[in-house]
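Here is the structure we will look at, set down as structure tokens.
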Amino acid sequence: MKARATVWVFNGSGGSFPSGVFSGREKAEDWIRLHKLSGTLTEYPLDMGIYDWAIENGFFTPRKDHQLKADFIGTFSSASQKHDHYVNGENHGRE
């Protein structure tokens, strides 16, 4: 896997958009604990879409025509990204 700059993005449970973007996991976790939040904290590479990141790192290979189209690429996410799940500010799983 290529090293690149990343950020940590928090998505609250049931939210459509991120509620916080952090330069490091520790800062994000402090904020999540402070507000007793529930949701997912995910690491994202800077200057690169997750679709391209997953292909570059061997986590995904497009095999069907629709997987090359904008609608698919624009909604793509990868469970291979580092992420944590939180409930009421407590970490319930780290990957």
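Here is a yes/no grid of residues against (1) touching a Phe, Trp or Tyr at 6+ places or on another chain (Cβ under 8 Å); (2) among the β-branched types (Val, Ile, Thr):
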{"residue": "ARG33", "(1), (2)": "no, no"}
{"residue": "ASP52", "(1), (2)": "no, no"}
{"residue": "LYS69", "(1), (2)": "no, no"}
{"residue": "ILE73", "(1), (2)": "yes, yes"}
{"residue": "PHE76", "(1), (2)": "yes, no"}
{"residue": "VAL87", "(1), (2)": "no, yes"}
{"residue": "GLY93", "(1), (2)": "no, no"}
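Looking only at segment 79-95, count how many residues are in a loop (DSSP other than H, G, I, E, B) and either in contact (Cβ under 8 Å) with a residue 24 or more places away in the chain or on the phi > 0 side of the Ramachandran plot (or both). So the count comes out to 5.
The sole residue among PHE10, PHE76, PHE60, PHE17 that is touching a Ser or Thr at 6+ places or on another chain (Cβ under 9 Å) and outside any strand (DSSP E or B) is PHE60.
If the condition is being within 12 Å of GLY89 (Cα to Cα) and surrounded by fewer than 17 Cβ atoms within 10 Å (Cβ to Cβ), then segment 14-30 contributes only ASP30. Do you know which of the residues in segment 31-57 that are touching a residue at least 40 places away in the same chain (Cβ under 8 Å), more than 16 Å from SER13 (Cα to Cα) and part of a helix (DSSP H, G or I) is farthest from the chain's Cα centre (by Cα)? Among residues in segment 31-57 that are touching a residue at least 40 places away in the same chain (Cβ under 8 Å), more than 16 Å from SER13 (Cα to Cα) and part of a helix (DSSP H, G or I), the one farthest from the chain's Cα centre (by Cα) is LEU34.
Just so you know, all these numbers are worked out from the coordinates, no wet-lab data involved. Here the structure is a predicted model, which means the values were calculated and not measured. Here Cβ is always computed from backbone atoms with ideal geometry, including for glycine, and neighbour counts include all displayed protein chains.
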